[in-house]
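The values are calculated or read from the model by the stated rules, or taken from the named source; none is laboratory data. Computed from a predicted model, the values in this text were never measured in an experiment. Every residue, glycine among them, receives a Cβ derived from its backbone with ideal geometry; neighbour counts consider all protein chains shown.
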2 protein chains.
Amino acid sequence: MSLQQLISQIGPLDKQAMSAARSRQDMLTKPQGSLGRLEALSIQVAGITGTPRPRIEQKVIVTMAGDHGVVAEGVSAYPQEVTPQMVYNFLAGGAAINVLSRYVGARVVVVDMGVAAEMEPHPKLVDKKVASGTANMVAGPAMGRAQAIESLESGASVVENELARGLDILGTGDMGIGNTTPSAAVACALTGRPAADVVGRGTGVDDAGLARKAAVVEKALAVNRPDPDDALDVLAKVGGFEIGGLAGAMLAAAAHRRPVVVDGFISTAAAMIAVGLAPQIRPYLIAAHRSQEQGHRIMLDWLDLKPLLDLDLRLGEGTGAALGIALTEAACRILDEMATFGEAGVSEGEESL
Amino acid sequence: MSLQQLISQIGPLDKQAMSAARSRQDMLTKPQGSLGRLEALSIQVAGITGTPRPRIEQKVIVTMAGDHGVVAEGVSAYPQEVTPQMVYNFLAGGAAINVLSRYVGARVVVVDMGVAAEMEPHPKLVDKKVASGTANMVAGPAMGRAQAIESLESGASVVENELARGLDILGTGDMGIGNTTPSAAVACALTGRPAADVVGRGTGVDDAGLARKAAVVEKALAVNRPDPDDALDVLAKVGGFEIGGLAGAMLAAAAHRRPVVVDGFISTAAAMIAVGLAPQIRPYLIAAHRSQEQGHRIMLDWLDLKPLLDLDLRLGEGTGAALGIALTEAACRILDEMATFGEAGVSEGEESL
């Protein structure tokens with residue numbers, strides 16, 4: 001499906017399903033509202049899926065990898081070779097995302113969106129490589145506009161393939177040495193905030209590295225002047241292939257009325273691109289957690305999303321999304337499986353005391 | 001085991017196991033510390049269990065029920081008959097705690113610590129009834145000192161039975177109409193804070209009910225003058241049978257080197273009693289969540305515990321503990337199952353950039 005078709009297919013949440021879910025929550029054997037955000041989450045999923053009692057069974061985490069020309073500026077504590085090494089680690093099942101996905105019963109789909117290495121073919125590796133890493137954004141656009149569109153549409157096609165295998169909820173994840181730098185640049189471009197407010201330590205740069213990162217982001221913005229009213233321009237000039245891929249995956253999930261659990265800093269940058277392209281996608285998004293990366297709060301505020309978890313995670317890969325998927329599934333099970341006051345023969349509370 | 005024996009068996013965490021767990025976390029294929037509180041949690045469990053790579057398999061949530069004479073003062077939005085009705089709902093599998101326990105793979109053990117009704121025998125109901133509800137604490141002690149000891153030792157015996165069936169982690173839960181009132185009184189007695197700071201809306205009282213609740217707590221404290229340096233005195237004068245039972249369950253779990261995931265407001269009051277009796281139990285405790293009940297923050301601060309979740313829950317039953325158990329298990333799986341840099345052939349980061 002083309003980008004324009006995807007965007008045009010994302011409709012509003014189903015108010016009738018939400019209202020039915022709210023009514024059911026209020027009949028379940030607990031004081032009304034006593035399960036707090038779990039109740040709200042179940043009602044949101046009802047609205048997304050158009051089902052008063054949604055069941056989440058097929059859980060999918062799409063982890064997209066890409067490399068970044070901007071690493072030449074010395075913005076990461078790790079060498080670029082770690083991107084393909086970690087992709088192989090994902091394929092072998094040894095990474096954190098593998099452990100957490102097994103724990104929550106999700107399948108991980110690993111996608112090469114633009115790793116700067118020739119990857120050995122692997123039955124579990126989805127090849128959507130747009131190019132071998134982006135160009136260095138301090139010298140010009142990270143990618144061309146056509147590549148930005150390609151990354152979005154390729155990301156969407158990954159989700160469309162997974163929908164055919166069964167996908168009730170999408171979690172997003174990323175891998176890419178240096179990718180907190182373009183993510184920060186995307187956030188700065190769209191929010192108008194200075195780099196110093198948004199840039200963080202990523203995998204663990206020291207104070208000098210942090211200052212260098214902020215200067216690199218400022219320079220990339222000055223050189224490229226991305227248009228904040230044109231998310232495609234922002235993606236092309238200061239984004240990355242995995243960021244575009246994740247934004248496209250989110251658009252496809254929402255177009256098919258599936259909830260999207262957004263992971264940390266990089267996935268949230270992708271969510272900002274998706275919302276820039278299709279503002280009506282916002283209620284389909286669930287923020288899994290607040291990252292330790294300092295700018296994440298600014299990004300979540302811009303998206304008007306309140307994260308479910310705050311555990312000082314800063315790994316990416318979809319690790320926070322895996323935990324967020326578990327909470328979302330738990331919320332839906334409560335809505336579906338709990339007994340009502342009538343069924344259980346429990347007296348209801350007074351209106352007020 | 002007697003209360004004194006239990007207390008004397010609670011030793012310090014195993015520093016060697018914690019150090020081995022820390023070393024392993026630092027060799028796993030992720031930037032050091034990037035899984036934040038999940039890393040710390042796995043190391044805590046290593047220290048509790050004395051195992052460098054602890055596995056959590058048998059998960060048990062003990063949900064203890066009791067009634068409270070103080071409901072005569074009109075402190076709850078629900079009638080007292082709801083306590084036994086909800087116990088039957090637990091036994092039938094229709095309550096929120098049943099749904100969440102099924103989801104996280106925990107077994108629920110339902111205990112009658114002092115329900116003010118004759119309960120029909122049920123194979124899944126553990127009968128540890130100390131009395132048919134406490135006395136009204138505004139007129140004198142909620143229970144006698146011997147009953148307080150009985151509630152603690154009975155609670156411990158429940159956990160000792162479950163240990164024989166297999167218990168790798170304990171979650172705590174409560175049911176008892178009116179029990180936020182004695183829990184608030186316990187917190188006031190131990191922290192010295194005024195009732196207005198600690199008392200909340202419980203299942204949902206209105207402003208007048210809230211003011212009445214605070215006045216009731218102040219009166220109970222004035223009438224009984226519990227000794228803040230004697231947790232047994234606090235439990236007896238302004239506590240409850242399920243609060244004592246849960247404190248005893250925590251002591252038994254810690255005496256056997258098992259982690260304890262503490263649920264919300266009532267369980268946290270029980271944790272305060274446990275810490276008052278045995279200060280060395282504190283590192284065995286994991287706070288599952290911050291309740292919507294306003295005084296909970298004060299209680300957690302007094303315990304120096306930082307909750308894992310903040311989802312505006314205020315149901316009790318062990319619902320927050322179920323989610324906290326899942327996070328703890330996930331943290332331990334990461335420690336145990338992830339590949340190291342060496343195993344995965346991934347390059348390590350530089351010391352600093």
| Going through region A:93-120 one residue at a time, which ones are of a type outside the set (Phe, Trp, Tyr) and within 7 Å of chain B (Cβ to nearest Cβ)? | A:Gly94, A:Ala95, A:Ala96, A:Val99, A:Leu100
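Listed here are the residues, each with its yes/no results for (1) surrounded by fewer than 24 Cβ atoms within 10 Å (Cβ to Cβ); (2) over 30 Å from A:Leu210 (Cα atoms).
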| residue | (1), (2) |
| --- | --- |
| A:Thr51 | yes, yes |
| A:Gly66 | no, no |
| A:Val75 | no, no |
| A:Ser101 | no, yes |
| A:Asp112 | no, no |
| A:Val126 | yes, yes |
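Conditions (1) over 17 Å from the mean Cα position of the chain (by Cα); (2) of a type in the set (S, T, N, Q); (3) surrounded by fewer than 24 Cβ atoms within 10 Å (Cβ to Cβ); (4) more than 21 Å from B:Met175 (Cβ to Cβ), marked per residue:
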position: B:Leu221; (1), (2), (3), (4): yes, no, yes, yes
position: B:Ala231; (1), (2), (3), (4): no, no, no, yes
position: B:Val238; (1), (2), (3), (4): yes, no, no, no
position: B:Gly264; (1), (2), (3), (4): no, no, no, no
| helices (runs of 4 or more DSSP H) contained entirely in region B:1-78, each with at least 1 residues that are under 22 Å from B:Val109 (Cβ atoms) | B:3-8, B:36-49
| Single unsatisfied condition, A:Met1 versus (1) crowded, with 20+ Cβ neighbours inside 10 Å; (2) modelled with pLDDT under 95 | (1)
| task | Starting from residues that are buried (at least 24 other Cβ atoms within 10 Å of the Cβ) and charged (D, E, K, R), keep the ones in region A:22-46 and report whichever is nearest to the other protein chains (Cβ to nearest Cβ). | result | A:Lys30
| said: For region B:187-212, which positions are under 23 Å from the mean Cα position of the chain (by Cα), surrounded by 19 or more Cβ atoms within 10 Å (Cβ to Cβ) and within 26 Å of A:Gln32 (Cα to Cα)? | reply: B:Ala187, B:Ala195, B:Val198, B:Val199, B:Gly200, B:Arg201, B:Gly202, B:Thr203, B:Gly204
| remark: Within region B:308-353, residues more than 7 Å from every other protein chain (Cβ to nearest Cβ), within 23 Å of B:Lys213 (Cβ to Cβ) and touching a His at 6+ places or on another chain (Cβ under 7 Å) come out as B:Gly320
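Identify all residues within region A:271-308 that are aliphatic (A, V, I, L, M) and either closer than 19 Å to A:Gln4 by Cβ or not assigned by TED's automatic domain parsing to the domain that holds A:Gly155 (or both); write none if there are none.
Taking region A:271-308 as the starting set, the residues that turn out to be aliphatic (A, V, I, L, M) are A:271-275, A:277-278, A:281, A:285-288, A:298-300, A:303, A:305, A:308.
Across region A:271-308, the qualifying residues are A:Ile273, A:Ala274, A:Val275, A:Leu277, A:Ala278, A:Ile281.
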| message | Any residue at all in region A:129-137 that's within 14 Å of another protein chain (Cβ to nearest Cβ), surrounded by fewer than 24 Cβ atoms within 10 Å (Cβ to Cβ) and either small (Gly, Ala, Ser) or not in a helix (DSSP H, G or I) (or both)? | response | no
| query | So is A:Pro228 assigned by TED's automatic domain parsing to the domain that holds A:Gly316, at pLDDT 95 or above and in contact with a Phe, Trp or Tyr (Cβ under 9 Å, 6 or more places away or on another chain) or not? | reply | no
| Do we find a residue being over 23 Å from A:Arg258 (Cβ atoms), touching a Pro at 6+ places or on another chain (Cβ under 8 Å) and in contact (Cβ under 8 Å) with a residue 40 or more places away in the chain anywhere in region A:141-151? | yes
| request: Name every residue in region B:79-99 that is assigned to a loop (DSSP other than H, G, I, E, B) and either surrounded by fewer than 23 Cβ atoms within 10 Å (Cβ to Cβ) or of a type in the set (Asp, Glu) (or both), in order of residue number. | output: B:Pro79, B:Gln80, B:Glu81, B:Gly93, B:Gly94
| task | Just one of (1) within 14 Å of chain A (Cβ to nearest Cβ); (2) surrounded by 21 or more Cβ atoms within 10 Å (Cβ to Cβ) trips up B:Ala254, so point out which. | result | (1)
| message | Which of the numbered conditions does A:Ala269 fail, given that it passes all the others? Conditions: (1) under 22 Å from A:Leu170 (Cβ atoms); (2) facing chain B (nearest Cβ under 9 Å); (3) crowded, with 24+ Cβ neighbours inside 10 Å; (4) of a type outside the set (Ser, Thr, Tyr). | response | (2)
| request: Could you grab the pairs with beta carbons closer than 6 Å, sequence gap of 6+ or different chains, first residue in region A:102-124 and outside any strand (DSSP E or B), second one of a type in the set (A, V, I, L, M)? | output: A:Tyr103/B:Ala330; A:Val104/A:Ala322; A:Val104/A:Ile325; A:Val104/A:Ala326; A:Val115/A:Ala65; A:His122/A:Leu91; A:Lys124/A:Leu91
| task | Output the residues belonging to region B:90-101 that are touching an Asp or Glu at 6+ places or on another chain (Cβ under 9 Å) and either touching a residue at least 12 places away in the same chain (Cβ under 8 Å) or β-branched (Val, Ile, Thr) (or both). | result | B:Phe90, B:Ala95, B:Ala96, B:Ile97, B:Val99, B:Leu100
| field | All positions within region A:74-92 that are under 23 Å from A:Ala236 (Cα atoms) and either away from chain B (no Cβ under 11 Å) or of a type in the set (Phe, Trp, Tyr) (or both) | value | none
| task | Kindly indicate which of A:Leu163, A:Leu167, A:Leu221 is out of contact with any Gly (no Cβ under 8 Å at 6 or more places or on another chain) and in a loop (DSSP other than H, G, I, E, B). | result | A:Leu167
| remark: Counted residues in region A:234-289 being over 25 Å from A:Arg37 (Cβ atoms) and of a type in the set (Lys, Arg) come to 1
